[in-house]
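Derivation of every value follows stated rules applied to the coordinates shown; laboratory data play no part. In this text, all values refer to a predicted model and were calculated from it rather than measured experimentally.
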Amino acid sequence: MAIVVLVLWLFTAGAGFYLLATSNLGRARAAAATPASQPAPAEPATVPAAAAGSASQAASKRDMRRAARDRFDPPSLTAAKSAPAVPGLRSLLEFAHPAFAIVGLGFWLGFTMVHDRALGWIAFGLVTAAVCLGLTWYTANTRAARREGPPGSEPAPAFRTRLVLLHGSAATVTFALAALTALVLNR
């Protein structure tokens with residue numbers, strides 16, 4: 001069973017690396033580093049209410065309610081709403097999530113070779129931390145994609161949905177099997 005978890009963990013890591021390789025992560029940073037002397041993109045044209053569909057009318061009504069509610073916000077609150085919760089969080093998660101997973105994979109390899117329970121529980125703790133960091137990274141990227149930053153700010157990374165689902169599903173099965181294996185081999 002430990003070998004099955006090891007192979008599944010390797011598959012999850014491979015899916016994660018492929019996910020990173022096919023994302024716009026490197027291109028997003030390069031786009032944010034371009035000089036600000038380039039002209040800003042034109043503002044989108046507004047569509048008259050008669051020409052807009054019911055979906056855009058509902059969106060515009062929602063936007064109007066939000067604008068009416070937020071019009072009295074002081075500038076500091078407006079800036080706080082558009083700022084990330086923790087500056088540099090995404091960069092930290094870009095490093096920590098794969099690092100915890102790879103170190104955990106190493107401990108699981110040691111557990112598979114020598115069947116020392118301590119190595120298995122350390123690997124399980126690291127995979128738990130990697131799962132938590134991955135979910136936090138996913139949430140931070142989702143929130144950043146929804147929020148449009150000021151011109152010249154770092155754009156949100158974009159990942160393919162199917163690859164994210166594949167990686168997340170494989171990680172979930174890896175987590176469950178690692179827990180089961182650590183519990184069964186504990187006796």
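If amide hydrogens are placed 1.01 Å from N in the peptide plane, which non-local residues have theirs closer than 5 Å to the one on Ala158?
HN-HN under 5 Å from Ala158: Asn24, Leu25.
For the range 8-13, in order, what is each residue's ³J(HN,Hα) by Karplus, 6.51 cos²θ - 1.76 cosθ + 1.60 with θ = phi - 60°, in whole Hz (x at glycine and Pro)?
5, 5, 5, 5, 4, 5
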